[in-house]
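Input: a single structure, listed below in structure tokens.
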Amino acid sequence: MGTGGVGSAALDFTGISGHAMCAAAIYPLVGASLKWNGDPRSRVPVVLGSAIALAIAFSRVESRAHSPSEVIVGVLLGAGVAWAAVRRGGRPPRLLQPLVVAAAMLLIVAWPAASEPMPNAHSVLTRIALGVSGRAAVYTRADLHRASAQPGS
């Protein structure tokens, strides 16, 4: 492995894709909440929510932000959360009715245009991780592969 980081060069894995994980946890549940207003047996909203989640996950690989292994782990974790929530059963809370979901989505889309710039969440998490780890620089995918290529690592 070498010094300074955690990951697997063989799997090209440096960390779980948070985008893929959150998308797989949230979008299928939004679909599940919307299907209550139609035929409760209809799987179309859940399938659409899952398709959106997979598109987001795929975009993380295409943009080279994450490797396929990181995205797969993220999707599996998120899907596990969604599955557990659906298995819990019962009608979704009134808060998740379609009109409220649509209003929340519009608010989320419009908010950045109407607000002051905020620090990028990634840069905030990077600063926290560097502080906790005591490292001066981020351990990158290139560092992972460089360390694995050195003899004795």
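The values are calculated or read from the model by the stated rules, or taken from the named source; none is laboratory data. Everything quoted here is computed from the prediction, not taken from an experiment. Neighbour counts are summed over all protein chains in view; Cβ atoms, including those assigned to glycine, are modelled from backbone coordinates with ideal geometry.
Could you please give the count of residues in the stretch 57-66 that are crowded, with 21+ Cβ neighbours inside 10 Å and not charged (D, E, K, R)? Full working, then the answer.
Residues of the stretch 57-66 that are crowded, with 21+ Cβ neighbours inside 10 Å, as a first pass: 57, 60, 66.
Restricting the remaining residues to those that are not charged (D, E, K, R) gives 57, 66.
Looking only at that region, the number is 2.
When you check Val71 against the structure, is it part of a helix (DSSP H, G or I), within 21 Å of His122 (Cα to Cα) and touching a residue at least 24 places away in the same chain (Cβ under 8 Å), yes or no?
Details: part of a helix (DSSP H, G or I): yes; within 21 Å of His122 (Cα to Cα): yes; touching a residue at least 24 places away in the same chain (Cβ under 8 Å): yes.
For Val71, the condition - part of a helix (DSSP H, G or I), within 21 Å of His122 (Cα to Cα) and touching a residue at least 24 places away in the same chain (Cβ under 8 Å) - is met.
Every residue, every condition in (1) modelled with pLDDT of 80 or more; (2) surrounded by fewer than 19 Cβ atoms within 10 Å (Cβ to Cβ); (3) under 21 Å from Met105 (Cα atoms), yes or no:
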residue	(1), (2), (3)
Gly2	no, yes, no
Gly7	no, no, no
Ala10	yes, yes, no
Phe13	yes, no, no
Trp36	no, yes, yes
Val47	yes, yes, yes
Ala51	yes, yes, yes
Leu54	yes, yes, yes
Ser69	yes, yes, no
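Right, Ala85: farther than 20 Å from Thr140 by Cα and touching a residue at least 24 places away in the same chain (Cβ under 8 Å) or not? Break it down into steps so the answer makes sense when it comes.
On the way: farther than 20 Å from Thr140 by Cα: yes; touching a residue at least 24 places away in the same chain (Cβ under 8 Å): yes.
Answer is yes for this residue.
Which residue is modelled with the lowest pLDDT, if the candidates are limited to the stretch 125-153 and must be part of a loop (DSSP other than H, G, I, E, B) and farther than 13 Å from Gly7 by Cβ?
Step one: filter the stretch 125-153 for residues part of a loop (DSSP other than H, G, I, E, B), giving 134-140, 150-153.
Okay, now just the ones that are also farther than 13 Å from Gly7 by Cβ, so 134-137, 150-152.
On the way: Gly134: 89, Arg135: 87, Ala136: 90, Ala137: 88, Gln150: 76, Pro151: 74, Gly152: 64.
Checked the stretch 125-153; the qualifying residue modelled with the lowest pLDDT is Gly152.
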